[in-house]
Structure formats: C-alpha cells, structure tokens
Amino acid sequence: MTDSTAAAFEGSKILILDFGSQYTQVIARRVRECAVFSQIVRYDTPAAELRATGAKGIILSGGPSSVYADNAPQPDAGLFELGLPVLGICYGLQLMFFHLGGKVEASKKREYGAGSLHVEAADCPLFAGLPEKLDVWNSHGDKVNTLPPGFRTVASTENSDFAAVEDAGRRLYGLQFHPEVAHTPRGKDIIQNFVYGICGCERDWTMGSFIEQTCAEIREKVGKERVILGLSGGVDSSVAAMLLHQAIGDQLTCVFVNNGLLREAEVEAVETLFRDNFHIRLKTVDASERFLTKLAGVTDPEQKRKIIGNEFVRVFEEAAAELAAGGEHKFLAQGTLYPDVIESVSISGNPAALIKSHHNVGGLPEDMKFELIEPLRQLFKDEVRQVGAQLGLPKEVTHRQPFPGPGLAVRILGAVTPERLRILRDADTVVVNEMKSADWYYRVWQSFAVLLPVQSVGVMGDERTYENTVALRIVESQDGMTADWVRLPYELLARISSRICNEVKGVNRVCYDVSSKPPSTIEWE
Ligand code: XMP
C-alpha cells in the first residue's frame, strides 16, 4: 500500500521499509533533515514496486520481531537484487543476514542501551569523516554471528563483532545499532553518508520545491473547480489554506466556525490575517449560541465532545450548502499530515496513535459529496511550519500551541456556561500574555488554564470570598503522546497567579499541575 502521491516527488528519494520499529518515523525524519525526500512503505512491498518509485536507496527499519519467528515480517527478497543501495538497521540487518546466507542467533538477552563502536575499516563510506570511536545506541534481541558471502565487518562493539557490515560491491550495508536516535550523536552523519555518498542523492527536498511542486499538482487536480476548507486557525489548516490559496486563489473558500468555545480575540485574529491581510475568501459562521444551547447542563466530557463534533458537522454542511449558491464546491481540503498517513501503511497500528483518533472532532461524514484534497499529507509537523513561514504566515500561527477542536469546553470541568467561559477566557489571556512576555510561550508544548468545578474560601480586603479555582497546565512534549510539567521559574508562576486572582473576576485560587503524562493527560477534560 504505497502512498501513490509520494511516489510523484520528482527529486531524489529514499524508501524506508517499516518492520514495526518505534523509530521508523525518526528514520524518515532524519533523511528529510538531509534535504532528501523519504517515504515509509510497507515491509512487504514487492521489489518491482520499490523499483518503480525511482528511489535511490532503501532503508530497512528495525522491528520488535525475531527473524526466526513464524510471523516475522519478511521483505520481498528481490529487493537485494535491484542493484540499489540498502541499509539495514538492527532487525533490518538481521534480515539481510537471514536472506543472504549469513547466520542470526536467537539470543535470550536483549542488548539495550549505550555502547561504544570501534570503526575498523576506515575506508567504509558509511563512516567517512567520522572518528574511529563512536557512541552508539543498541536495542536488539537476536545477534548476527556469521557473515553472508561477500560481506565484511567494518565496525564492532564489545558485544558484537558485526556492529556494522558491508558488501561494497552490491552496496549493501547493515548496522546493529540505531543511527537515527539522538543517543547515537554522530548517527546523522552516518545517515548522510548513506544518502549522499552511497546513494548519490541530491539535496532537493526543500520546502521551496515542495511548495512549487504541490501548487502545480493542486492546479492540475482542481482545474476550474472550487475547493472548500474548514479553517480552525491552527497550524495545519492555516498552512493548507495558504498553500491552496497560492495555487488556486479565489477558487478556494475557507469556512471558519465560531463555536463559542474559542479563546479571546481568536475570531478577529483569523479574520484579520486571512481575509484582510492575505485576501483569502473566508466565511465566518457565528454558531456560538447553537453550541452553547446544545451544551447547556452537560458535564460528561465524552458527551461534550460528541455534541460539539456533531454540531460542527451540521454547521459546516449548512455553510457549504449556502456557499453552493455561488457555485458548488467539488473538493474538500484537509490538513492531514504525514504521521496520520503513516498509520495506514505501517505494519501494525500504533496504539498510542489510536488514542489520538478521537481528537479529530472536525471529522466530516463520508456521505458528503466532496472529493478530498490533502496537500500536507507528505509533511511532518516541523516541515508544515517551514512551509507556513515561507508562505508568509507569522510565527504566532506557525508555532502556535496545539488547541483542541472542542476548545475551551474540555478545559471547563463541569457545565459550560457563558459566565464560566468568560472566567476561563480571561484567565487564559493572562497565561498566554505572561508566557509570551517572559519568553516562555514558544519554549513549551502547551501552556493554558483549566477551570475547576471547585470553589473555596478566600479573602479579599476585609471580605471573605467563595470563588473558583484555576489550574495551570504547562507541559513540554515532543508529540503530545507523553509530556512532563515544565519547571517554570517561581517568579513567573507567582506573576501569573497573582494576576489571575487580582484581575479575573470569580477566581481566588490558582494551582500548578505537577503531573506528567502518563499517567495524567495533558487536557483535564
Ligand atoms: P491529551 O489530553 O489526550 O492530549 O493528553 C494530547 C494532545 O492532544 C490535544 N487534544 C486535542 N487536539 N482535538 C485536537 O485537535 C481534540 O479534541 C483534542 N483533545 C486533546 C491536546 O491539547 C494535547 O496537545
């Protein structure tokens, strides 16, 4: 199940066969950091299909299996006959041994953690320009112990004589350790040596070339038809809107739904930026009352999500129907990113990613008569940010913190009322402003306020108060899957707390959430 759109990239590309490693995406990103396009494909993609993509080299990822296990994922062995350079990492190396006549030994003990690599063959192009000794990261069960014909050892560790091997004639390379992880500090050089030196790739995967090529593709696909896009103001839909606008101008209409659960001044910010500044056709639908009426009295978080999701679809459909009076929209654009696409080509669903699927509240029903257009489905998040910046989006948008689709409703514990929304909005504004002025906002993954359904006693002047509690949730994270609370300077915490208690009517207590994810989550709900 190769993603056909990716095969269309005309520059140099590297394919990564996914054998289920938790690091497969990291390998893909490392290659792209070399300005070389990379694409993850299924481990059993037929060799002829691999060849047809025009790739300049193949990387076999690691994986949790033992090559001897009955259900061990096996590649089409014809890939070793394609004449293309192949780099096998960990399980990928063991597969090479297994298929090419070497020996792999099942081992009961996993070798896990840091090791020291000794490069013995200084002429091996994989280690060109690197010192003789390198820190590397291991994580493998089986061990290779007899080289296949044509191979030689190029580097060893204390535990393995075959930590790096090559068959220079056939351009086949194998590494027992993981060059893609940060714990292998010179790993990036090894990957660079493979993609430039061994595969002969050009540095032609740049965001400039991506924009140019994608715009041409969009124009070709869309022709004279019209495209509709649900703009949320978040990074992905904003960048998708800019890209489509660059490609097809006024054939694009964006719909921005104000569900009444947005942050302070968000509607105005989106309208000013996209409509006034970039002259993008934008229809704002103020549906706040509809949402708030439906949410009245609802305290269960799943119930809230369901109501908001359903209502969003209804509002969007109505807006599309209204807009259709000026000409039907044949296409619906979405800001789907590469990590979502990878899920569908991967060897097995990643359970962590499945947890996230319920977050896609903007998901539209399948019976809508649109053809899908997903211009970002090749990109990782950091690439999306670069594209946005190149297209002129300000940092406030490209580096905006994630904000959940159901908005402030998941940050108000208990019932959502206009008054509680007002309190949370005001508290949130203080958090954002203070984080920005202390230069912390862009250094953390998320920083926001949560309104708890807890009132407690306080004192103001001579008066006793009985008011609400706000929790601060400020976390660092790579991808939202795991997170830790940020050790923010006390002075900053003090300032945020004192401003909220003094300026936000209805709050007399601020707490700092010092839990990590897991076992907690980022949002409280
Ligand atoms: P949790 O709370 O599950 O959140 O630790 C992980 C990340 O996902 C964001 N999040 C959402 N994003 N729609 C979204 O687009 C949602 O419904 C949603 N719920 C949570 C959350 O802010 C965090 O970054």
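The values are calculated or read from the model by the stated rules, or taken from the named source; none is laboratory data. The structure presented is a predicted model; accordingly, all values stated were derived computationally and were not measured. All Cβ positions, even for glycine, are placed from backbone atoms using ideal geometry, and neighbour counts span all protein chains on display. To get the accessible areas, we keep the full protein, side chains included, count just its heavy atoms, and leave off ligands, DNA and RNA. Shrake-Rupley method; radii C 1.70, N 1.55, O 1.52, S 1.80 Å.
So here's what we get for this one:
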{"quantity": "Number of the condition not met by Q94 [criteria: (1) open to solvent by 10 Å² or more (accessible area, probe 1.4 Å); (2) more than 21 Å from Q192 (Cα to Cα)]", "calculated": "(1)"}
{"quantity": "The range 407-424: number of residues that are out of contact with any Pro (no Cβ under 7 Å at 6 or more places or on another chain) and more than 12 Å from the ligand (Cβ to nearest atom)", "calculated": "11"}
{"quantity": "In the range 434-455, residue nearest to the ligand (Cβ to nearest atom) [restricted to those that are among the polar types (S, T, N, Q) and open to solvent by less than 20 Å² (accessible area, probe 1.4 Å)]", "calculated": "Q446"}
{"quantity": "Some residue of the range 391-406 being open to solvent by less than 10 Å² (accessible area, probe 1.4 Å), within 16 Å of the ligand (Cβ to nearest atom) and assigned to a helix (DSSP H, G or I)", "calculated": "no"}
{"quantity": "Residue in the range 234-243 that is of a type in the set (D, E), open to solvent by less than 60 Å² (accessible area, probe 1.4 Å), within 24 Å of the chain's Cα centre (by Cα) and within 30 Å of L413 (Cα to Cα) present", "calculated": "yes"}
{"quantity": "Residue, nearest to the ligand (Cβ to nearest atom), within the range 466-481, restricted to residues that are open to solvent by less than 50 Å² (accessible area, probe 1.4 Å) and out of contact with any Cys (no Cβ under 8 Å at 6 or more places or on another chain)", "calculated": "G480"}
{"quantity": "Flag for T284 being over 30 Å from A216 (Cβ atoms), of a type in the set (S, T, Y) and modelled with pLDDT of 95 or more", "calculated": "yes"}
{"quantity": "Tally of residues being outside any loop (DSSP other than H, G, I, E, B) and open to solvent by less than 40 Å² (accessible area, probe 1.4 Å) across the range 78-91", "calculated": "8"}
{"quantity": "Failed item, numbered, when Y112 is tested on (1) open to solvent by less than 30 Å² (accessible area, probe 1.4 Å); (2) aromatic (F, W, Y); (3) in contact with a strand residue (DSSP E or B) (Cβ under 6 Å, 6 or more places away or on another chain)", "calculated": "(1)"}
{"quantity": "Matching entry among V285, V227, V222 (being surrounded by 15 or more Cβ atoms within 10 Å (Cβ to Cβ), among the aliphatic types (A, V, I, L, M), within 28 Å of A296 (Cα to Cα) and not assigned by TED's automatic domain parsing to the domain that holds S38)", "calculated": "V285"}
{"quantity": "Conditions (1) part of a loop (DSSP other than H, G, I, E, B); (2) buried (at least 24 other Cβ atoms within 10 Å of the Cβ); (3) in contact with an Asp or Glu (Cβ under 8 Å, 6 or more places away or on another chain): number failed by G62", "calculated": "(3)"}
{"quantity": "Of the criteria (1) closer than 28 Å to E225 by Cβ; (2) within 16 Å of the ligand (Cβ to nearest atom); (3) hydrophobic (A, V, I, L, M, F, W, C), which one F291 fails", "calculated": "(1)"}
{"quantity": "Count - residues of the range 482-525 that are within 12 Å of the ligand (Cβ to nearest atom), within 15 Å of A471 (Cα to Cα) and open to solvent by 60 Å² or more (accessible area, probe 1.4 Å)", "calculated": "2"}
{"quantity": "Cross-chain or 6+ apart pairs with Cβ under 6 Å, the range 172-184 first and farther than 17 Å from Q25 by Cα, then part of a loop (DSSP other than H, G, I, E, B)", "calculated": "Q176/S160; Q176/A163"}
{"quantity": "The range 443-464, residues that are touching a Ser or Thr at 6+ places or on another chain (Cβ under 9 Å), more than 19 Å from D426 (Cα to Cα) and part of a strand (DSSP E or B)", "calculated": "S456, V457, G458, V459"}
{"quantity": "Residue within the range 323-342 that is among the charged types (D, E, K, R), farther than 24 Å from R443 by Cα and at pLDDT 95 or above present", "calculated": "yes"}
